[in-house]
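**Student:** After the structure tokens below, expect a handful of questions from me.
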Ligand code: SF4
């Protein structure tokens, strides 16, 4: 079977493609071959019939008047965004010729760099034919680290596969710590489960430097200093051991190194010592620790935000061990969840063909794209990057240290190809922009990191204009370049079948035919899942590693500890004196990273201008009042925003929600002009929230809000 007919009238089953743990099962309503509405599948146990505010606009996004519909060839200077239409034949011929030239040139194929991330989480359009293509031509490898790498490395060193309670189990918890996670924005399908837990008496505590919309809904908000989460967790462990609340039987049976941890936390991490570090009162820490150690089941939902600093891996690792110390893993709904992706056992090797990688091929960290494009050896040794092929990502907006990234993208000798839906900040620098299909127009299959259901995405409409699926673009490019491997011709349904065919017992019965019929299928896991109640972790020692020997070999402390953010006053007092605020840039509620930024209703909801949230004390010392135009800056760059003076952020912290496009921002710069290319302690991850800045008022007359924009602060007051 290579294709199936489109359903031109009716309801088609699909999956939300976005980088979100909920991976909703979507129903697409089609009339006369045109999508008219999307809705969440009411039968799906996690989706429960609703999609978020962003993806409810998916049809609007698909048929957006600015959607790219034909290949575009650059005619202006790089960054100017002037293009002319071309045919697919012209585009593919030129791209194939240029890539072949570079492959056989003096620098060889490693001068070609693919750049992709989670613009779609689908395995076919994100991790299949593209990987085969780049592996076969011998391109540089990309370390895809921009979001979850530190937490992933930390969890794997501690527990092996990433698993944890899903919303179906979490509703049984009696105490919920939402730790560095804005659930209502970034994991909204957990919220109904937490509401049910609350109806049964559960308490919800938010640990977050920002009183997010989620923290505001919780029973308690603990405004922790950014990057000090590990210190708080260590103090909580101190109390558990001190007060004989630790589950020594669990620790002895399932972990290695717990005695050394007990010694450390009892000697070094009293709540009194932790209090000034974490910015909470000693009494608050004692109360939290006592409540956590004495309430069962207790559930911690941590998220990737708290690992975006120099010690991010250690932070995740330390928090993740709290349920091992208290034995919370024994309970239904007890434990901690960073991700459930380890529950899935797809055949990724068949999809990606890592066996095609030429031994010795270098790896470039996507977080350091600025260096990779501006240094003669790409910053890692070897040839300069001469060709960049971007898909499923928008590094011109989302990469850190954007000034450097743009400097690289402007290079005349860099050949850049971008597969996209819209003319983004990255596409504006491309030599070729190729129109790609959206989720409504192609096949895919999805795992997830927030539950345990595999979901099929069936196309519901014809491709818009001349757009093509990523998989098809790489198939055609491979053929144009003279690559003859039959695996470079596999169609999308064949790829889906290969992904499902791992032979693992958890995948038994998870077939293409069943997915076609039912839309989504649960992995073969027990109904009342307790992933680490009686664990056999695939760690080095076969135990939960309180002490992880491999970390020592990386030069890290093998035991949980606290590593302060590199740009904090704790680690770099001189820098902190010049740039005394820590800037956090979590997701804007109506956006998904840099996607949906150009959807009018969502842009209106977010406000046309970037906002900069400051505590009243910080605003007062800078002479800033609500609604002022402000400039946020450090040695790397700056951006403009409107001040929102609020007690929703703690002193010492500034917040600007992202990710906005530079081309739609005042001054053409964004928050990522200030973020750094430094990487985390584990996994080489990004440190977006380890960012010391200063803020100043921009001395200019207050401008009225743009038409349709929700006024903020003083503007709102003036308007009233
Ligand atoms: S972004 Fe998340 S919550 Fe929104 S529809 Fe997609 S999976 Fe569901």
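The values are calculated or read from the model by the stated rules, or taken from the named source; none is laboratory data. Just so it is clear, the model here is predicted, and its values are computed rather than measured. Cβ sites come from the backbone with ideal geometry, for glycine too, and all protein chains shown count toward neighbours.
**Student:** Working carefully through the options 326, 337, find the one that is crowded, with 24+ Cβ neighbours inside 10 Å and either without any contact (Cβ under 8 Å) to a residue 40 or more places away in the chain or closer than 20 Å to residue 523 by Cα (or both).
**Tutor:** It is 337.
**Student:** Out of all the residues in the stretch 430-461, which are under 24 Å from the mean Cα position of the chain (by Cα) and under 27 Å from residue 676 (Cα atoms)?
**Tutor:** The one that is under 24 Å from the mean Cα position of the chain (by Cα) and under 27 Å from residue 676 (Cα atoms): 449.
**Student:** For the stretch 568-651, please list each of the helices (runs of 4 or more DSSP H) lying entirely inside it that holds at least 1 residues being at pLDDT below 95, surrounded by fewer than 24 Cβ atoms within 10 Å (Cβ to Cβ) and in contact with a strand residue (DSSP E or B) (Cβ under 7 Å, 6 or more places away or on another chain).
**Tutor:** 573-578
**Student:** Just to confirm my filter: which strands (runs of 3 or more DSSP E) fall fully inside the stretch 438-557 and include at least 1 residues that are closer than 28 Å to residue 421 by Cα and either in contact with a helix residue (DSSP H, G or I) (Cβ under 6 Å, 6 or more places away or on another chain) or free of Cβ contacts under 8 Å to residues at least 12 places away in the same chain (or both)?
**Tutor:** 444-446, 453-457
**Student:** Here's another thing I want to ask about it. Given the criteria in contact (Cβ under 8 Å) with a residue 60 or more places away in the chain, over 17 Å from residue 448 (Cβ atoms), touching a helix residue (DSSP H, G or I) at 6+ places or on another chain (Cβ under 8 Å) and more than 16 Å from the ligand (Cβ to nearest atom), does residue 79 qualify?
**Tutor:** Against the criterion (in contact (Cβ under 8 Å) with a residue 60 or more places away in the chain, over 17 Å from residue 448 (Cβ atoms), touching a helix residue (DSSP H, G or I) at 6+ places or on another chain (Cβ under 8 Å) and more than 16 Å from the ligand (Cβ to nearest atom)), residue 79 qualifies.
**Student:** Out of all the residues in the stretch 363-381, which are in a loop (DSSP other than H, G, I, E, B) and surrounded by 15 or more Cβ atoms within 10 Å (Cβ to Cβ)?
**Tutor:** Result: 375, 378, 379, 380.
**Student:** Looking at the stretch 23-35, which of its residues are within 16 Å of the ligand (Cβ to nearest atom), surrounded by fewer than 24 Cβ atoms within 10 Å (Cβ to Cβ) and in contact (Cβ under 8 Å) with a residue 40 or more places away in the chain?
**Tutor:** Across the stretch 23-35, the qualifying residue is only 35.
**Student:** From (1) within 14 Å of the ligand (Cβ to nearest atom); (2) assigned to a strand (DSSP E or B); (3) more than 23 Å from residue 473 (Cβ to Cβ), pick out the condition that doesn't hold for residue 14.
**Tutor:** (3)
**Student:** Among the residues of the stretch 123-138, how many are assigned to a loop (DSSP other than H, G, I, E, B) and surrounded by fewer than 24 Cβ atoms within 10 Å (Cβ to Cβ)?
**Tutor:** Of the residues in that region, 2 qualify.
**Student:** Consider the stretch 143-177. How many of its residues are under 21 Å from residue 209 (Cα atoms) and more than 16 Å from the ligand (Cβ to nearest atom)?
**Tutor:** 5
**Student:** May I ask you to verify whether residue 355 is over 30 Å from residue 191 (Cβ atoms), modelled with pLDDT of 95 or more and outside the structural domain of residue 672 (by TED's automatic domain parsing)?
**Tutor:** In short, yes.
**Student:** How about the stretch 305-324: which of its residues are closer than 16 Å to residue 293 by Cβ and in a loop (DSSP other than H, G, I, E, B)?
**Tutor:** Selection gives 321 alone.
**Student:** Could you list, in sequence order, the residues of the stretch 37-60 that are under 21 Å from residue 598 (Cβ atoms) and either free of Cβ contacts under 8 Å to residues at least 12 places away in the same chain or not in a helix (DSSP H, G or I) (or both)?
**Tutor:** Answer for the stretch 37-60, where residues must be under 21 Å from residue 598 (Cβ atoms) and either free of Cβ contacts under 8 Å to residues at least 12 places away in the same chain or not in a helix (DSSP H, G or I) (or both): 37, 38, 51, 52, 53, 54.
**Student:** Now for a separate question. Determine if the stretch 61-70 includes at least one residue that is touching a residue at least 40 places away in the same chain (Cβ under 8 Å), more than 8 Å from the ligand (Cβ to nearest atom), surrounded by fewer than 23 Cβ atoms within 10 Å (Cβ to Cβ) and assigned to a helix (DSSP H, G or I).
**Tutor:** yes
**Student:** Can residue 103 be described as surrounded by 18 or more Cβ atoms within 10 Å (Cβ to Cβ), assigned to a helix (DSSP H, G or I) and away from the ligand (no atom under 16 Å from the Cβ)?
**Tutor:** yes
**Student:** Quick one: is residue 87 at negative phi and assigned by TED's automatic domain parsing to the domain that holds residue 393?
**Tutor:** Considered against the rule, which asks whether it is at negative phi and assigned by TED's automatic domain parsing to the domain that holds residue 393, residue 87 comes out as yes.
**Student:** Can you find even one residue in the stretch 36-51 that is closer than 23 Å to residue 393 by Cα and either within 15 Å of the ligand (Cβ to nearest atom) or surrounded by 18 or more Cβ atoms within 10 Å (Cβ to Cβ) (or both)?
**Tutor:** Scanning the stretch 36-51, I find at least one residue that is closer than 23 Å to residue 393 by Cα and either within 15 Å of the ligand (Cβ to nearest atom) or surrounded by 18 or more Cβ atoms within 10 Å (Cβ to Cβ) (or both), so the answer is yes.
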